[in-house]
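Undergrad: The structure's right below; bear with me while I get my questions together.
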Amino acid sequence: MHINWPHALINAAALWIVARLYAPDLSATRQAIALAASALAISASLAWLHPDIEWYRGLSGALHGLFFAGAATWLLTERPRSLGRLWLPALLFLGGWVKVVFEQPGAGALPRADWLGAAVVPQAHLAGAACGTALGALFAAAKARAGEQRDEQ
């Protein structure tokens, strides 16, 4: 469900880009797990912390979960551990968190996006980012136990 077609198309394009970006780090199954787990975490978070936002049905929060699951996995599994190889996953991870933190509204407000013609729910982005970060750490630990590292492409 989306507010309008431009919003749906932007989320579809973002899903395709993020899925391709992190394909070396997250299999299709892990990407599906990240999206589903993030959606559940967002629903629980909004129900518990922001029960007045019962109407949220967006994809952007789950996309944040997928983004951070991939960024955390890439950052934690990149080998060799050198600045030349870590700068991009570190920039994606840290830059993403800066964006999520600074977009949070005060007192549970919902900022309005004029291009959407509706309110956005950055609280869902935060819940998705937190879930994705935790999943990325778990995925990286599983890869380490299996002796895997990031695929070269």
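The values are calculated or read from the model by the stated rules, or taken from the named source; none is laboratory data. Keep in mind the model is a prediction, meaning the values are calculated, not measured. Every residue, glycine among them, receives a Cβ derived from its backbone with ideal geometry; neighbour counts consider all protein chains shown.
Undergrad: Is it the case that some residue within the range 33-55 is surrounded by 14 or more Cβ atoms within 10 Å (Cβ to Cβ) and assigned to a loop (DSSP other than H, G, I, E, B)?
TA: yes
Undergrad: For the condition more than 12 Å from the chain's Cα centre (by Cα) and either surrounded by 14 or more Cβ atoms within 10 Å (Cβ to Cβ) or not in a helix (DSSP H, G or I) (or both), what is the one hit in Arg30, Arg20?
TA: Only one candidate passes the filter, namely Arg30.
Undergrad: Sticking with this one: What tally of residues in the range 66-107 results from selecting those that are of a type in the set (Lys, Arg) and more than 20 Å from Ala144 (Cα to Cα)?
TA: Of the residues in the range 66-107, 1 are of a type in the set (Lys, Arg) and more than 20 Å from Ala144 (Cα to Cα).
Undergrad: How many of the residues making up the range 56-84 are buried (at least 16 other Cβ atoms within 10 Å of the Cβ) and more than 29 Å from Asn4 (Cβ to Cβ)?
TA: Total satisfying the criteria: 7.
Undergrad: Could you give every pair whose Cβ atoms fall below 6 Å, whose first residue belongs to the range 113-137 and is under 12 Å from Ile53 (Cβ atoms), and whose second residue is of a type in the set (D, E, K, R) and modelled with pLDDT of 80 or more, counting only separations of at least 6 or pairs across chains?
TA: Listed pairs, sorted by first residue: Pro122/Glu103.
Undergrad: Identify, please: which residue in the range 86-145 is of a type in the set (Phe, Trp, Tyr) and at pLDDT 95 or above and is, among those, nearest to Leu46 (Cα to Cα)?
TA: My answer is Trp97.
Undergrad: Quick one: in the range 56-85, which of the residues that are farther than 22 Å from Arg20 by Cβ and either assigned to a helix (DSSP H, G or I) or touching a Leu at 6+ places or on another chain (Cβ under 7 Å) (or both) is modelled with the lowest pLDDT?
TA: Among residues in the range 56-85 that are farther than 22 Å from Arg20 by Cβ and either assigned to a helix (DSSP H, G or I) or touching a Leu at 6+ places or on another chain (Cβ under 7 Å) (or both), the one modelled with the lowest pLDDT is Tyr56.
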